[in-house]
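Input: a single structure, listed below in structure tokens.
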């Protein structure tokens, strides 16, 4: 089966490869199980194993076994780690980076990525995105959300525009902004169980 060329980073082999590497590079000191990486990359465990094998062969990641569990992390000693990490985080990194930065902020009911980045991530053709649009639904502390967006911006290398709406505004949907967001591609990141 032929895999479509990734719209966010055509130099990669697949979107799965980009999503998997984004999870590893978003926090290079963290070890991840292959099962976790498969779920975050929206793929099967055998496919994730093949991607990890390829990445390890290229010295982008390292892995170790603890019993039957294979733990994977970024290979930060590789001289190409930092430039490759920048490419991955700028293209496939926003979900991983924003999930980590926004997790734990009280009052978040849901987080969505929208706009051109979400459209490219979901396979819609168009120009490369020049920013990341984030909708935070709930009643979080605004300063905490904006600080998290700034931290994410430094990591992905693109402006991160955070907009906050209450749960009521989101559910009623009579706000023209909400109606516009709902009519376009959305990437769901966090719900209140994760926040």
(request) Considering only segment 58-94, state which residues are outside any loop (DSSP other than H, G, I, E, B) and more than 16 Å from residue 34 (Cα to Cα). (result) 81, 82, 83, 84, 85, 86, 87, 88, 89, 90, 91, 94
(message) Looking only at segment 82-110, how many residues end up being touching a strand residue (DSSP E or B) at 6+ places or on another chain (Cβ under 7 Å) and more than 24 Å from residue 17 (Cβ to Cβ)?
(response) 6
(request) Determine whether segment 169-178 contains at least one residue that is in contact with a strand residue (DSSP E or B) (Cβ under 6 Å, 6 or more places away or on another chain) and either at pLDDT 95 or above or surrounded by fewer than 20 Cβ atoms within 10 Å (Cβ to Cβ) (or both). (result) yes
(request) Considering each of 181, 145 in turn, give the residue that is without any contact (Cβ under 8 Å) to a residue 60 or more places away in the chain and buried (at least 16 other Cβ atoms within 10 Å of the Cβ). (result) 145
(request) Would you point out which residue out of 80, 102, 71 is assigned by TED's automatic domain parsing to the domain that holds residue 28 and at pLDDT 95 or above? (result) 71
(request) For segment 17-35, name all the residues that are part of a helix (DSSP H, G or I) and over 20 Å from residue 121 (Cβ atoms). (result) 34, 35
(message) Need the failing condition index for residue 109 against (1) assigned by TED's automatic domain parsing to the domain that holds residue 19; (2) outside any helix (DSSP H, G or I); (3) touching a residue at least 24 places away in the same chain (Cβ under 8 Å); (4) touching a helix residue (DSSP H, G or I) at 6+ places or on another chain (Cβ under 8 Å), just the number.
(response) (1)
(message) Given the criteria within 30 Å of residue 180 (Cβ to Cβ), in contact with a helix residue (DSSP H, G or I) (Cβ under 6 Å, 6 or more places away or on another chain) and outside the structural domain of residue 144 (by TED's automatic domain parsing), does residue 40 qualify?
(response) yes
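The values are calculated or read from the model by the stated rules, or taken from the named source; none is laboratory data. A quick note: this is a predicted structure, and the numbers were derived from the prediction, not measured. A quick note on method: Cβ atoms are made from the backbone with ideal geometry, for glycine too, and the neighbour counts reach across all protein chains shown.
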